[in-house]
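For reference, the structure discussed in these notes is given below.
Each value in this text was obtained by applying a stated rule to the coordinates, not by laboratory testing. As the structure is a prediction and not an experimental result, all values here were calculated from the model. Quick reminder, even Gly has a Cβ in these numbers, built from the backbone with ideal geometry, and neighbours come from all protein chains shown.
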Amino acid sequence: MKPKVVLIDGYDETRLLSRSLIEKRFRVTAINESMDCCEKLAEINGLRVFHGDGSKPFVLEDAGVYGSDIAIAMSEHDDANLVICELCKKKFNVKKTIAIISDPNKTDFFLSVGVDSVVCAITAISNIIEQHVLLNDIRTIMPIAEGQVQVFQVNIPKNANVIGKHLWEISLPDEVVVGCVLRGSSSIIPKGDTCIASGDNLILLASDDYKEAAVHQLTKI
């Protein structure tokens with residue numbers, strides 16, 4: 001049976017997410033405090049819609065949130081999203097909670113009180129800009145002949161063999177250079193003793209002949 005996902009508030013986000021998840025045959029429930037939004041969301045085939053304040057326990061109970069696989073809190077108010085996630089996790093036994101926040105300074109606090117994942121648009125945009133600037137800087141500093149050397153990014157998956165290892169312990173080809181490690185909102189200039197963590201994004205420079213070997217070595221489980 002496909003996972004059960006609960007989307008709380010956030011009309012535009014809920015509309016887009018629900019359609020995508022329903023197409024993948026997920027069971028999706030939407031809770032929204034706006035009756036107007038609920039009426040529009042109810043037009044989406046396969047979406048269960050409940051009207052009410054998702055930060056109220058009786059609303060979550062009526063919507064059948066108990067035991068859901070994922071709850072995503074998308075209110076405009078960060079504090080409300082924290083309350084929603086804590087209720088879902090502690091009272092309704094939801095397996096994973098995700099909060100969408102506007103203030104990146106609250107990320108660490110949300111994670112410290114048990115929210116499983118925190119998504120901040122400002123941080124995400126900042127990371128994208130940072131990564132593009134970094135790649136452009138690398139291309140400026142190092143002349144790269146087309147078809148000979150590539151700059152590319154490798155995401156380290158959960159349970160990859162390299163997690164917890166230092167760079168010097170990983171058997172990458174000599175022709176592969178690790179230029180940067182992107183970890184959360186931080187950019188790390190790697191050294192031999194840099195330890196790899198799950199979710200890291202590595203910016204690599206390698207010739208075409210060694211790219212596949214590098215990706216395999218870094219992502220194998």
Boolean, ILE8 is under 23 Å from the mean Cα position of the chain (by Cα) and either over 18 Å from VAL94 (Cβ atoms) or surrounded by fewer than 20 Cβ atoms within 10 Å (Cβ to Cβ) (or both)
no
Residues that are surrounded by 15 or more Cβ atoms within 10 Å (Cβ to Cβ), more than 16 Å from GLY114 (Cα to Cα) and of a type in the set (A, V, I, L, M, F, W, C): does region 69-86 have at least one?
yes
Might you let me know whether region 48-57 holds any residue that is surrounded by fewer than 17 Cβ atoms within 10 Å (Cβ to Cβ), within 22 Å of the chain's Cα centre (by Cα) and either more than 14 Å from VAL94 (Cβ to Cβ) or not hydrophobic (A, V, I, L, M, F, W, C) (or both)?
no
Filter region 200-210 down to residues that are of a type outside the set (Val, Ile, Thr) and surrounded by 14 or more Cβ atoms within 10 Å (Cβ to Cβ) and give me whichever is nearest to ASP108 (Cα to Cα).
ASP200
Looking at region 169-208, what strands (runs of 3 or more DSSP E) fall wholly within it and have at least 3 residues that are of a type outside the set (A, V, I, L, M, F, W, C) and in contact with a strand residue (DSSP E or B) (Cβ under 6 Å, 6 or more places away or on another chain)?
none
